[in-house]
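The values are calculated or read from the model by the stated rules, or taken from the named source; none is laboratory data. Treat the numbers as computed from the prediction; the structure is a model and nothing was measured. Using ideal geometry, Cβ is built from the backbone for each residue, glycine included, and neighbour counts are taken over all protein chains shown. Protein only, heavy atoms only, side chains kept; ligands, DNA and RNA dropped before computing areas. Shrake-Rupley method; radii C 1.70, N 1.55, O 1.52, S 1.80 Å.
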Amino acid sequence: NNLWHPLTIRGTTMRFAKTVFLIAGIWGVLVITPLYFMFDVISRNDPPPITHPGFFYGFAAAALAWQIAFFFIARDPVRYRPIMIASIFEKLSYGVAVVILVLQGRMHRSDVVFGVVDLLLGAMFVLCYIKTRSGVA
């Protein structure tokens, strides 16, 4: 059993990409779904109150929709590889925004955890994109 045999490398690459996107989707569902039930709690515990519920629920819905995309990518990373580009942007743009807002004092320091997780997932998505470039992962 040669570890560097092309079929072994392709299988490992495919498993890696599937696992990364599956974990990202599960994590996202677990973190985003509770937002639908926390509107009043967030308004009360993290003033000022949310004044545009459409933006709040729209963000939650758009973020949850991305988790569905991650599940599609996890099923067939090569087929859905082009969507990885948008996925990378989704993760990195949110992660960078959170880090900047925390540094500016406009978000709680504890929120940086979510930004850092998105930055890590974004980096993993970049790696998945690179590793599946041959189209035969």
Taking the Cα centre of segment 21-137 as the origin, how large is its charge dipole in debye, to the nearest 20, when only Lys and Arg (+1) and Asp and Glu (-1) carry charge on their Cβ atoms?
380
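Counting only protein heavy atoms and using a 1.4 Å probe, what share of the accessible area of the chain belongs to carbon plus sulfur, as a whole percent? All intermediate terms of the calculation are to be shown ahead of the outcome.
On the way: 6190 of 8740 Å².
Here carbon and sulfur together make up 71 percent of the probe-accessible area.
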So if we plug the beta-carbon distance of residue 93 and residue 44 into 1/(1 + (r/R0)^6) with R0 = 25 Å, what FRET efficiency do we get, rounded to 0.05?
0.30
Can you give the accessible area per residue of the chain, in Å², using a 1.4 Å probe?
64
Show that you can apply the helix-only estimate: for the chain, add -39,500 (n - 2.57) for every DSSP H stretch of four or more residues, divide by all residues, and state [θ] at 222 nm to the nearest 500.
-25000 deg cm²/dmol
What number in nm² do you get for the chain if you take the convex hull of its Cα atoms and divide its surface by four?
9.2
The extension gain from residue 72 to residue 22, computed as 0.36 nm times the residue separation minus the Cα-Cα distance, is 17.1 nm
